[in-house]
Each structure stands twice: as structure tokens, then as C-alpha cells.
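The values are calculated or read from the model by the stated rules, or taken from the named source; none is laboratory data. None of these values were measured; they are calculated from a predicted model. Positions of Cβ are backbone-derived with ideal geometry, glycine not excepted, and every protein chain shown enters the neighbour counts.
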Amino acid sequence: MRLKISRRPLAARGANLYDPETVKSLIALQKTWCDGTKANVVDTYTCFLQKEGLTWNPPRYKRQEKIPFIPSEAELNLLIGAAGKKLGIFLQGLKETGADPGEFAAIMPKDVNKETRTITINHPVKGHRPRILTVSQGLIRRLETVMKDEGRTFKAEQLRRAFLLKKKAAARKLSNPRLKEVKFITFRHWVGTMEYHRTKDILHVQRLLGHKNIQNTLIYIDLEAKIFNSPNDGFICRIAHNVGEAVSLVESGFEYVTGEYDDGGKIFRKHE
């Protein structure tokens with residue numbers, strides 16, 4: 001899916017995909033793209049270059065942080081039930097795995113193991129880790145009804161358009177406007193929040209979602225606390241990425257909690 005994204009908006013606008021400087025200039029000139037969209041295109045184009053054995057010096061765009069919308073499980077199940085067969089299976093897969101939509105759309109028959117009830121995410125996006133995820137036997141059976149012998153089963157952009165229509169219809173029929181706020185990525189945010197609520201283990205959530213940077217996972221602590229009114233055990237957490245930051249945190253009363261992550265960060269905590 002990500003290669004498709006990189007080719008269409010860029011090549012259609014006149015960029016030479018094998019000339020990174022023209023791509024960089026084209027992205028900068030897009031007035032209708034927010035910085036978050038530009039950052040996504042940069043990430044996508046970087047993946048394209050890596051596939052082609054090329055590199056570039058990518059421009060940096062800062063994504064605007066927003067609080068993810070977290071629906072109830074009942075609302076997600078309503079949308080799954082209202083979807084057609086293939087779209088319903090895709091949504092169920094997102095709900096059980098917490099995979100990014102692009103990752104789940106890229107699964108192939110060889111990635112599904114019905115004996116172990118696992119799905120291997122072999123095409124991670126956004127710098128995520130590849131991983132093996134356990135799912136229900138029901139999802140495995142449903143996947144078997146739509147998967148071909150080879151090649152990808154899901155075309156994410158087609159499913160996205162179908163989902164837009166289905167959720168609008170469901171919201172109107174059930175008089176629940178919240179359903180219109182659900183996107184494919186909402187299922188991933190729901191899984192992260194619910195898994196932290198179930199386990200209170202942020203490292204487990206990090207591994208499940210494939211995050212290399214723990215800071216991308218820490219948001220689920222706050223989301224879980226707000227949704228379930230859960231106590232946070234009186235602790236606040238901070239990340240130190242170098243010795244100076246670690247020293248400052250220790251001087252402020254923080255204690256060291258965990259080892260180093262891929263981004264070089266270490267977690268410290270202290271009582272509020």
C-alpha cells in the first residue's frame with residue numbers, strides 16, 4: 001500500500017521518483033498537505049528508495065499530535081457486523097492484531113499459520129518491527145475463505161472507500177454519530193489502550209504494536225487512565241535519551257526503571 005501511495009501523488013504531480021531533489025521540492029510546494037501528510041509521504045518515499053537500494057536526505061515535518069478517538073468495543077463490533085464480507089474480515093483482523101492498516105493489508109497466505117493461530121507481520125510500515133501475532137480461530141477460518149493461493153488479498157484503498165460509506169450508513173441508521181469518527185487506525189489505538197488496561201505492561205504493548213520507540217507507546221497509559229478512570233499508582237514517567245537528561249531526572253527525584261531502547265531512551269519514574 002505504501003508504494004502505491006508514493007507513486008500516485010508524487011509521480012502524478014511531475015516528480016521523478018529516482019531524483020530525490022525533485023521529490024523534496026514537490027512535497028514542499030503542496031499547499032493543501034498538512035505537515036502530518038507531508039511527513040507520511042516522506043516516510044513512504046523513503047521506503048520506496050530503500051526498496052530500490054537508494055537513499056536521500058529527507059526533509060523533516062512535524063506531525064501535529066492529537067488525542068486518538070477510542071470507541072467502545074460494542075461500537076467496533078457494530079461496524080464489523082455492518083461491513084461486507086471482505087471488509088468485515090479486514091476490520092476483524094485490525095481489531096484482533098492491532099496492526100497498522102497497511103501492515104494487515106500486506107499479509108499473504110504464507111503469513112497465516114492456522115495450526116498456531118498466528119499471523120506474521122512481514123511488511124511493517126512507519127518503522128515498526130516485524131512480529132508474529134496470535135489471533136482467534138474464527139479469524140483464521142474467515143481469512144481462509146477469501147485468501148488466494150498467492151498474492152495480497154486486501155486492497156486497502158478500496159476497502160477504505162467502502163468503509164467510509166458503511167460507517168456513515170451505520171451512524172445514520174443507529175443514530176450514533178460517533179461511528180463516523182472511527183477510522184482504520186482507530187482499531188490500532190483501541191487495541192493499544194485495551195491491552196494496556198488488561199496487562200498494565202507498557203513493554204508488552206510496545207512489542208504488540210511493533211513500536212521501536214517507547215515514546216510512541218506511552219500515550220496508551222494516559223488513554224487507559226482517562227477511559228477507565230484508572231489510578232496511575234501515583235507515578236509519573238519520563239524518558240532520558242542521554243546522560244545529561246538522566247542526571248537531571250535523578251536530581252529531580254526520578255528513579256531508573258528500565259533498560260535502553262532502540263531510540264536510546266531509558267524510562268525513569270517518581271511518585272507524584
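Pick from segment 108-144 the residues that are touching a helix residue (DSSP H, G or I) at 6+ places or on another chain (Cβ under 8 Å) and β-branched (Val, Ile, Thr): which of them is farthest from residue 45 (Cα to Cα)?
Result: 135.
Would you check if residue 131 is among the basic types (Lys, Arg) and under 30 Å from residue 39 (Cα atoms)?
On the way: among the basic types (Lys, Arg): yes; under 30 Å from residue 39 (Cα atoms): yes.
It is true that residue 131 is among the basic types (Lys, Arg) and under 30 Å from residue 39 (Cα atoms).
Please list, ordered by first then second residue, the pairs with beta carbon atoms under 6 Å, 6 or more apart or interchain, first in segment 55-70 and not in a loop (DSSP other than H, G, I, E, B), second not charged (D, E, K, R).
none
Among the residues of segment 80-117, write down those that are without any contact (Cβ under 8 Å) to a residue 60 or more places away in the chain and of a type in the set (S, T, N, Q).
Answer for segment 80-117, where residues must be without any contact (Cβ under 8 Å) to a residue 60 or more places away in the chain and of a type in the set (S, T, N, Q): 92, 113, 116.
Pick from 217, 186, 193: which is without any contact (Cβ under 8 Å) to a residue 60 or more places away in the chain and surrounded by 18 or more Cβ atoms within 10 Å (Cβ to Cβ)?
Residue meeting the stated conditions: 217.
Out of 156, 170, 225, report the one residue that is among the hydrophobic types (A, V, I, L, M, F, W, C) and surrounded by fewer than 18 Cβ atoms within 10 Å (Cβ to Cβ).
Numbers: 156 fails: surrounded by fewer than 18 Cβ atoms within 10 Å (Cβ to Cβ); 170 fails: surrounded by fewer than 18 Cβ atoms within 10 Å (Cβ to Cβ).
Unique residue meeting the criteria: 225.
Scan segment 101-113 and give yes if some residue there is at positive phi, in contact with a strand residue (DSSP E or B) (Cβ under 7 Å, 6 or more places away or on another chain) and not in a helix (DSSP H, G or I), otherwise no.
Within segment 101-113, none of the residues are at positive phi, in contact with a strand residue (DSSP E or B) (Cβ under 7 Å, 6 or more places away or on another chain) and not in a helix (DSSP H, G or I).
What is the residue count in segment 23-54 for residues that are touching a Pro at 6+ places or on another chain (Cβ under 6 Å) and either in a loop (DSSP other than H, G, I, E, B) or exposed (fewer than 12 other Cβ atoms within 10 Å of the Cβ) (or both)?
Count: 0.
Of the residues 143, 165, only one is over 17 Å from residue 71 (Cβ atoms), free of Cβ contacts under 8 Å to residues at least 60 places away in the same chain, in the same structural domain as residue 112 (by TED's automatic domain parsing) and buried (at least 20 other Cβ atoms within 10 Å of the Cβ); which?
143
With the checklist (1) without any contact (Cβ under 8 Å) to a residue 60 or more places away in the chain; (2) of a type outside the set (Val, Ile, Thr); (3) in contact with a strand residue (DSSP E or B) (Cβ under 7 Å, 6 or more places away or on another chain) in hand, flag the one item residue 131 doesn't pass.
Unmet for residue 131, out of (1) without any contact (Cβ under 8 Å) to a residue 60 or more places away in the chain; (2) of a type outside the set (Val, Ile, Thr); (3) in contact with a strand residue (DSSP E or B) (Cβ under 7 Å, 6 or more places away or on another chain): (1).
Working only within segment 140-161, note down all residues that are assigned to a helix (DSSP H, G or I) and under 20 Å from the mean Cα position of the chain (by Cα).
Just the residues of segment 140-161 that are assigned to a helix (DSSP H, G or I), to begin with: 140-144, 156-161.
Residues satisfying the conditions are 156, 157, 158, 159, 160, 161.
Anything in segment 114-127 that is closer than 29 Å to residue 36 by Cα, part of a loop (DSSP other than H, G, I, E, B) and either at pLDDT 95 or above or over 14 Å from the mean Cα position of the chain (by Cα) (or both)? List them, or say none.
If the condition is that a residue be closer than 29 Å to residue 36 by Cα, part of a loop (DSSP other than H, G, I, E, B) and either at pLDDT 95 or above or over 14 Å from the mean Cα position of the chain (by Cα) (or both), then 122 is the only one that fits.
Here is a list of conditions, (1) exposed (fewer than 12 other Cβ atoms within 10 Å of the Cβ); (2) part of a helix (DSSP H, G or I); (3) among the aliphatic types (A, V, I, L, M), and residue 79 meets all of them except one; can you say which number that is?
With (1) exposed (fewer than 12 other Cβ atoms within 10 Å of the Cβ); (2) part of a helix (DSSP H, G or I); (3) among the aliphatic types (A, V, I, L, M) applied to residue 79, the lone miss is (1).
Please verify whether residue 88 is in a helix (DSSP H, G or I), under 29 Å from residue 223 (Cα atoms) and modelled with pLDDT of 95 or more, treating the condition exactly as stated. Even if it seems obvious, please write down each step before you answer.
Details: in a helix (DSSP H, G or I): yes; under 29 Å from residue 223 (Cα atoms): yes; modelled with pLDDT of 95 or more: yes.
The answer is yes for residue 88.
Can you tell which of 96, 115 is buried (at least 18 other Cβ atoms within 10 Å of the Cβ) and of a type in the set (D, E, K, R)?
Of the residues listed, the single one that is buried (at least 18 other Cβ atoms within 10 Å of the Cβ) and of a type in the set (D, E, K, R) is 96.
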